[in-house]
Protein chains: 2
Amino acid sequence: MALTLNETRKTKPDSAPLHAEIIAIGSELLTPNRTDTNSLWLTQQLNSLGITLRQKTIVGDDEQCLEDTLRDALKRTRVILSTGGLGPTEDDITRKVYARVLRRPLVFHPEILDRIRHLFESRGMKMSPNNERQALVPQDAEILPNPNGTAPGILIRNQDQVIAILPGPPREMQPMFTNYVRPVLEPLSGGLRLRQRILRVSGMGESAVDNLIAPVYQRYTNPATTILFNKTDIEVHLTATAPTEAEADRLIDEVAVQVEEKLGENLFAHQGETLEQVVALKLTVKGYTIATAESCTGGLIAARLTDIPGSSKYFLQGAVTYSNEAKTQVLGVPADLIATHGAVSPEVAESMARGIKERSGATIGVGVTGIAGPDGGTTEKPVGLVYIGIADDVGTTHRKLILPGDRERIRWLTSQAALDLVRRRYLL
Amino acid sequence: MALTLNETRKTKPDSAPLHAEIIAIGSELLTPNRTDTNSLWLTQQLNSLGITLRQKTIVGDDEQCLEDTLRDALKRTRVILSTGGLGPTEDDITRKVYARVLRRPLVFHPEILDRIRHLFESRGMKMSPNNERQALVPQDAEILPNPNGTAPGILIRNQDQVIAILPGPPREMQPMFTNYVRPVLEPLSGGLRLRQRILRVSGMGESAVDNLIAPVYQRYTNPATTILFNKTDIEVHLTATAPTEAEADRLIDEVAVQVEEKLGENLFAHQGETLEQVVALKLTVKGYTIATAESCTGGLIAARLTDIPGSSKYFLQGAVTYSNEAKTQVLGVPADLIATHGAVSPEVAESMARGIKERSGATIGVGVTGIAGPDGGTTEKPVGLVYIGIADDVGTTHRKLILPGDRERIRWLTSQAALDLVRRRYLL
């Protein structure tokens, strides 16, 4: 079982970590088409200060939900950041609920309203009366100027807690956080800095990775280790806190080097890189070139290999050959080979790889044939059956896969397996 | 400005809405790089049942936060959906906290463990002992089968409340919700059905679409109309509530037919289809075939065209030709044409399209050449300059684009423009 950030924290009371919570307010954030992105930017800011995010909550214009969430957060967490719900046309629940829960009555600030009125006048517009509520601020709070919009932000210190109420639009929220909230949080974090490194692993399941590396990471609480499944790969996240970033990196290095040794060639990325980034870099470094001949993946492997800037250095040519005729015409796969073994066979995969290697003059040729479904499967050759062929100057070889999932997943897994096969065979 | 779902709701107070909350569990969802996307899919499902999302909360492996959140939700909301935190290597806080808060002790189910063991054995793997905790289920709960993974889901009825505990991976969570949770929620939603239709538009901006169709949608509050920007396209969402789905569809039809007339050939999808789905369907219906020759998109257009089941009916061949040599060798683009006009030129785009059409025998040949960046741009030919060539039996033509954004965005926009050009020219 992987340790989590929180557990680590429990074992290190000396470097008592600072937690934060984010509350995003706005009914539009509860629709199927929108998601809160302010919290991602804020999380990055918090982490760089050594502050860990403990919970984030998205509420609509719903006083009960906001009140419950705020009360819970105040009981357990020192830093509370809230975004949104300060606009003039919205229900003014943010100011009202914060004032009520914190028992600080709202005070009208004529100077805020004057500023908003001037802002409108300078644009040749008339201020609407509902802007008046933007001049209400809880008692004994700091007013945070907003040069990019009408609503000022609000900063409240509640004993040792810091509560920042920020506007929703990123171009208003971000400078306000940077200028007025970050300086308040910096001294709280006790000078601690947080750094994270992501190792990525192919060809192993989550539990297998855990069993292999647990003897290493269990001896450390800083960095904390988390093991995650991400689409097709396993990720190992190492997160350390220390007085400086360099020291946090050193703590991570100590564990990473041991974890990397255990994982061996299953580890493909030391810094969170994607598999195509790793393959691209190593092909370039070794001066190898590659060409692809794809049937069931339909160009996906080529698209991933060319998604990297500078891909013309190593990617020579790709062919998408669905039909038997195209395999013969474009790649020179013998028609009788297809007739004898079928288009989805190790022989055809190898012949496709050989064909594209010879035509392109690449160091490595990759050929992929398989049944992505949903149709086309038989008892002997089911949906998910895939052959990956590899050809180089020495010879050809292939790998057989039986992959789970729907068409999209089979195609993705096939592209991942093909890239990983190239990596393991030529790029270690 | 487009109406939102909430505004519509205010105009229909007679339909007392059923609320839901979503709790997403997992420390990785509290990092700067990951966001919870399960809740977006679930929100769409809930809305289609006439259920409104009231709050969503993202917690890490933190028992206190999960417990507080769950207790609050139980006090105020009838439907609670939770995702994640059921994996074998994670802290088992999901099962433990739900069991504790709902006062239902965890019971070990040997039949669940047997199934997981068989699943591992069928893949030639050995089950790790930590999978045992996946066989723990709170007392008096329903076990929801998971054909796509190890962890079963859990459904708990608590007086008139429904609590569903689902796994995190979308391909496990989504079928489980559809098969076992949705049927339980359907009778709760008070007979009101919500239906949504998504129209998709290419080649127009958000305000242009709004100006064009506002005179239509402003006359209706049911369906509500929302205009959204989605990656490269504008979407028009029409959302209606009615006692039956047929009646809601009829309300949508009335507005949709008028909006569609206004949008004309800029409208490419009547039911939220992707552009490749529309192109695939229409190519198939017309009996046309297509072949692609790609430079800067590196196989992305082929990959999108073959992402549709049955693509072998219309997709004949794809070539990814980065180098000038490959363009000449594979597509027969004359070397002196490249020398005279440059690889990124209308002449070469048309010659690539002609070349792949002739070699493949397809009805339509598409050739794409451009500068995706970040390097390779000049003053005359900047990053983002793209030519799309089209060839058929009658002749060839091209379109010039200057696209904004980074490499990934330029590649995507190019693939979208190429597919849309084919649609407008051959498939209306």
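Across peptide B:59-68, what mean number of C-beta atoms from other chains lies inside 10 Å of a residue's C-beta?
Numbers: counts 5, 10, 7, 10, 1, 7, 10, 1, 1, 8.
Average neighbour count from other chains, rounded to a whole number: 6.
Using a/c under 1.5 as the rounded threshold, could you call the range A:331-419 rounded, prolate or oblate? The axes a ≥ b ≥ c are square roots of the C-alpha gyration tensor eigenvalues, and prolate needs a/b larger than b/c, oblate otherwise. Working shown, then result.
Numbers: a/c = 2.43, a/b = 1.46, b/c = 1.67.
Cα axes put the range A:331-419 in the oblate bin.
I need the peptides B:243-250, B:73-80 ranked by packing, meaning the mean over residues of other C-beta atoms within 10 angstrom, with the highest value on top.
On the way: B:243-250: 14.5, B:73-80: 18.9.
Those peptides, ordered most packed to least, come out B:73-80, B:243-250.
May I ask you to give the average projected area over all directions of the convex hull of the Cα atoms of the range B:121-250, in nm² rounded to one decimal? Show your work: numbers first, answer last.
Values: hull surface 50.7 nm².
Taking a quarter of the hull surface, the average projection is 12.7 nm².
May I ask you to give the percent of accessible area on the range A:193-269 that is carbon plus sulfur, with a probe radius of 1.4 Å?
Working: 1380 of 2950 Å².
Of all accessible area on the range A:193-269, carbon and sulfur atoms account for 47 percent.
Within 10 Å of each Cβ of A:31-41, how many other protein chain Cβ atoms are there on average? Before the final figure, lay out the partial values.
Values: counts 13, 14, 10, 3, 7, 4, 1, 0, 4, 5, 1.
Mean shielding by partner chains, rounded to a whole number: 6.
Take the range A:275-426, compute every pairwise Cα distance, and split them into 5 Å bins from 0; I just need the percent in each bin.
Reading the bins upward from 0: 2, 11, 22, 24, 20, 13, 6, 2, 0.
Suppose we keep just the alpha-carbon trace of the range B:193-269; what are its Rg and Dmax in angstrom?
Calculated on Cα positions, Rg and Dmax stand at 11.9, 37 Å.
Counting other Cβ atoms within 10 Å, which GluC sites (Glu not before Pro) in the range A:348-428 have at most 14 and lie in a DSSP loop? Walk me through the numbers before you get to the answer.
Numbers: sites: A:GLU350, A:GLU358, A:GLU380, A:GLU408; in loops: A:GLU380.
Of the GluC sites (Glu not before Pro), the ones in loops of the range A:348-428 whose Cβ has at most 14 other Cβ atoms within 10 Å are A:GLU380.
How much accessible area per residue does the protein assembly as shown have, counting only protein heavy atoms and a probe of 1.4 Å, in square angstrom? If you can, show how the numbers build up before the last one.
Numbers: 33810 Å² over 856 residues.
Heavy-atom accessible area per residue stands at 40 Å².
State, in angstrom, two size descriptors of chain B derived from its alpha carbons: Rg to one decimal place and Dmax to the nearest whole number.
26.4, 80
Taking the label point as lying 7 angstrom from Cα along the Cα-to-Cβ axis, what are the distances from B:ALA208 to the corresponding position in the remaining copies, in ascending order and in nanometres?
Sorted ascending, the copy-to-copy spacings read 5.2 nm.
Rule-of-thumb check for the range A:106-177: C-alpha Rg over 2.2 N^0.38 Å?
Working: Rg = 12.8 Å, N = 72, 2.2 N^0.38 = 11.2 Å.
The reported ratio for this selection is 1.15.
What are the nm distances, shortest first, from A:GLU260 to its equivalents in the other copies, labels at 7 Å along Cα→Cβ?
Those separations, rounded to one decimal, come out as 5.8 nm.
What do you get for trypsin sites (Lys or Arg not before Pro) in the range A:107-160 restricted to DSSP loop and a cutoff of at most 11 other Cβ within 10 Å of the site's Cβ?
Values: sites: A:ARG115, A:ARG117, A:ARG123, A:LYS126, A:ARG133, A:ARG157; in loops: A:ARG123, A:LYS126.
Counting only loop positions with at most 11 other Cβ atoms within 10 Å, the trypsin sites (Lys or Arg not before Pro) in the range A:107-160 are A:ARG123, A:LYS126.
Residues of the range B:71-115 with accessible area at least 50 Å² lower in the all-protein-chain context than alone (1.4 Å probe)?
B:ARG76, B:THR89, B:ASP91
Mind checking which aspartates and glutamates have their C-alpha under 15 Å from B:LYS75, skipping anything on the same chain fewer than 8 residues away?
Cross-link targets: A:ASP62, A:GLU63, A:GLU67, A:ASP68, A:ASP72, B:GLU21, B:GLU67, B:ASP160.
Using +1 at the Cβ of each Lys and Arg and -1 at the Cβ of each Asp and Glu in chain A, identify which of A:LEU194, A:ALA224, A:ASN211 lies farthest towards the dipole's positive end.
A:LEU194
With every protein chain in place, what's the accessible area of A:ARG219 (1.4 Å probe, Å², nearest 10)?
The accessible area of A:ARG219 comes to roughly 150 Å².
At a cut-off of 50 Å², which residues of the range B:305-333 become less accessible once all protein chains are present than in their chain alone, using a 1.4 Å probe?
B:THR306, B:ASP307, B:PRO309, B:GLN317, B:VAL320, B:TYR322, B:GLN329
If you wrap a convex hull around the Cα atoms of the protein assembly as shown, how much volume per residue is inside, in Å³? Please report the intermediate quantities before stating the final value.
Details: hull volume 157.6 nm³, N = 856.
Value for the protein assembly as shown: 184 Å³ per residue.
Starting from the Cα gyration tensor of the range A:18-189, multiply each eigenvalue by 5, take the square root, and state the resulting semi-axes largest first in whole Å.
Numbers: eigenvalues 121, 60, 56 Å².
They are 25, 17, 17 Å, listed largest first.
Set the bar at 28 Å for Cα to Cα. Now go through B:LYS286/B:LYS357; A:LYS231/B:LYS96; A:LYS231/B:LYS327; A:LYS286/B:LYS400 and name every pair that lies beyond it.
Exceeds cut-off: A:LYS231/B:LYS327; A:LYS286/B:LYS400.
Charges only on Cβ, +1 for Lys and Arg, -1 for Asp and Glu: so what's the dipole of the range B:275-422 about the Cα centre, in debye to the nearest 20? Present the calculation step by step, with values, prior to reporting the outcome.
Details: 14 positive and 15 negative charges, 66 e Å.
Dipole of the range B:275-422, to the nearest 20 debye: 320 debye.
Applying the Karplus parametrisation 6.51 cos²θ - 1.76 cosθ + 1.60 with θ = phi - 60° to the phi angles of the range B:66-82, what ³J(HN,Hα) value in whole Hz is obtained for each residue in order, glycine and proline being reported as x?
Karplus values, whole Hz, x for Gly and Pro: 5, 5, 4, 5, 5, 4, 4, 4, 5, 5, 10, 9, 7, 10, 10, 10, 10.
Tally up the carbon and sulfur contribution to the accessible surface of the range B:275-422 as a whole percent, 1.4 Å probe, everything protein left in place.
Values: 2880 of 5400 Å².
The nonpolar share, carbon plus sulfur, comes to 53 percent.
So what are the three principal axis dimensions of the range A:68-121 from its Cα atoms, in whole Å, longest to shortest?
44, 20, 19
Could you work out how far helix A:110-122 tilts from the main Cα principal axis of chain A, as a 0 to 90 degree angle to the nearest 10?
So the helix axis and the longest Cα principal axis differ by about 60 degrees.
With solvent modelled as a 1.4 Å probe, how much accessible area in total do chains B and A shield from it at their shared surface, in Å² to the nearest 100? Working shown, then result.
Working: alone 20000 and 19790 Å², together 33810 Å².
So the total buried area for this chain pair works out to about 6000 Å².
The values are calculated or read from the model by the stated rules, or taken from the named source; none is laboratory data. The structure presented is a predicted model; accordingly, all values stated were derived computationally and were not measured. Cβ coordinates were reconstructed from backbone atoms using ideal geometry, including for glycine residues, and neighbour counts include every protein chain displayed. All accessible areas refer to the heavy atoms of the entire protein, side chains included, with ligands and DNA or RNA removed. Shrake-Rupley method; radii C 1.70, N 1.55, O 1.52, S 1.80 Å.
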